[in-house]
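Data block below; observations after.
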Amino acid sequence: MTDPLSRTHAIALDAADPLRPLRNDFLIPKHKHNEQVYFCGNSLGLQPRGAREHVLQVLDKWSHEAVEGHFTGHAQWLTYHEQVREPLARVVGALPSEVVAMNSLTTNLHLMMVSFYRPTPARPAILIEAGAFPSDRHAVESQIRFHGFDPDTDLIEILSDEVDGTISMAAIERAIAEHGPRLALVLWPGIQYRTGQAFDLKEIARLAHAQGAVAGFDLAHAAGNLPLRLHDDNPDFAVWCHYKYMNAGPGAVAGCFVHERHAHTDRPRFAGWWGHEKKTRFQMGPEFVPTPGADGWQLSNPPILGLAPLLASLELFDKADGVAALRTKSEKLTGFLEALIRARVADTLQVITPAEPARRGCQLSLRVTGGRERGRELFEYLTSIGTIGDWREPDVIRISPAPLYNKFMDVYRFVEEVESWRGV
Ligand SMILES: *Cc1c(COP(=O)(O)O)cnc(C)c1O
């Protein structure tokens, strides 16, 4: 038997990987004459080969047909976003009517809070994790102020209670119970961006609802990374972006989920003509009648050029036979990375992401021992030789092997490079 941590074994794992051909559907950036070792899908996923073709189709249609492009053929712009709906619903485990691709993540978060964060003097608070992504924190803080409440008392942040900055389920449960009667909204990440920790979303939604609060999820780091079951997990809403593990390109059109039970809600919302009932939209009447489901939160006619790469990306999720198949590889790939780090460079890199596969996605957050300066040195060395992760202050490198395009040999090379930098 080969040594499970050897180069030979890495090569064998790649040879046996049924998803390996999918790498050829991506454009891998070059470093000098070789392909980069790209581990930055947590920030910007690689370009699907099909993206260019889909964008060119839109440009060609525009040049040949101009305004008629809205109404002709299968890819007509009037219904273009509907092509996204079913494959996207498969990725996040939702009914097609529960999802829509629109706007950007932070915009969608605000739109969802307009409808689902309805604070009262008795129940004004939002619960989030301490150290949340700044945009989410700005969004919730500004919403609290917008409604005339005070973030000092009404923005509740759960502190990490575990050694490496992660948060136990017990701490979440305690906080929801403690603040329950004052909670209007529990807004929780599917995966925490800094630590890479994944959460039991179903349980968090259940706990929030048991206290009479709304449950919303930010799935920026979970969409395309973990198999999600949004309909069954039962949050009221969820938002995510499509440029990380969804590979739809820089600033891609984002995603939004509204649970079926709110399909016909009379909650307040910020409205626009694209959310108006489809069959009467072009009668151009003054009265807003929302179209049922997530589509009813759309404001504008969608940016077709922005949706085109998302269509290309979603085709690959179907080609992979869904996120569950990707996850099987992902657990092996990230497990291989973790085992190699522990065996060969444990004196240099400390894994702060939880070790249990159920509590993480593909990302490992790695604290460089010796502090910031040494960490920066290693990070810059890796970048200089074409091994791409990203840096989080003060001393963390995030490495995210993506099962759609990363190889076991990428992981092996990364650890070998860290070893050679450190000096064997
Ligand atoms: C990436 C990310 C964002 C980015 O927000 P945009 O509106 O897409 O710029 C926001 N929140 C979280 C948790 C993220 O990971």
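Just so you know, all these numbers are worked out from the coordinates, no wet-lab data involved. Being a predicted model, the structure only gives us computed values, none of them experimental. Positions of Cβ are generated from backbone atoms using ideal geometry, with glycine treated the same way; all protein chains shown enter the neighbour counts.
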>> Just to be sure I follow the rule: in the chain, considering lysines 8 or more places apart or on different chains, how many pairs have Cα atoms under 22 Å apart?
In response: 12
> What is the fewest-to-most order of Leu111, Leu56 by other Cβ atoms lying within 10 Å of their Cβ?
Replying inline: Leu56, Leu111
> Going by how many other Cβ atoms sit within 10 Å of their own, how do Arg267, Arg367, Arg376 line up, fewest first?
Replying inline: Arg267, Arg376, Arg367
>> Please arrange Met409, Met112 by how many other C-beta atoms lie within 10 Å of their C-beta, fewest to most.
In response: Met409, Met112
> Given C-alpha coordinates of the chain, what is the ratio Rg to Rh with the Kirkwood estimate of Rh?
Replying inline: 0.99
>> Give me the tail of P(r) for the stretch 306-424 as a percent: Cα-Cα pairs with distance above 17 Å.
In response: 58 percent
> Rounded to the nearest whole Å³, what is the per residue volume of the convex hull around the Cα atoms of the stretch 330-383?
Replying inline: 80 Å³
> When the C-alpha atoms of the stretch 235-325 are aligned to their principal axes, what extent does each axis show, in angstrom, from largest down?
Replying inline: 44, 30, 21
>> Given a 10 angstrom Cα cut-off, can you work out which residue in Arg269, Arg194, Arg360 is the most mobile in a GNM of the chain?
In response: Arg269
> Who wins for biggest fluctuation among Thr369, Thr334, Thr353 in a Gaussian network model of the chain, springs between alpha carbons below 10 Å?
Replying inline: Thr369
> Out of Met113, Ala248, Ala170, whose Cα points farthest toward the positive end of the dipole of the chain (charges: +1 Lys, Arg; -1 Asp, Glu; placed on Cβ)?
Replying inline: Ala248
> Taking springs between alpha-carbon atoms closer than 10 angstrom, which of Glu260, Glu178, Glu141 fluctuates most in the Gaussian network model of the chain?
Replying inline: Glu178
> P(r) of the stretch 72-150 in 5 Å steps, Cα pairs, percent per bin?
Replying inline: 3, 12, 17, 17, 15, 12, 11, 6, 4, 2, 0
>> What does the extension gain come out to for Thr280 and Thr2, with contour length at 0.36 nm per residue minus their alpha carbon separation?
In response: 93.5 nm
>> Counting pairwise Cα distances across the stretch 29-169, what percent come out greater than 25 angstrom?
In response: 57 percent
>> For a bin width of 10 Å, list the pair-distance distribution of the stretch 187-299 built from all Cα-Cα distances, rounded to whole %.
In response: 13, 37, 32, 15, 2, 0
> At q = 0.10, 0.11, 0.13 Å⁻¹, what is the log10 ratio I(q)/I(0) for the stretch 97-200, with the Debye formula run over Cα points and no solvent?
Replying inline: -0.29, -0.35, -0.49
> Which three lengths, in whole Å and largest first, does the stretch 1-87 cover when its Cα atoms are put on their principal axes?
Replying inline: 63, 33, 22
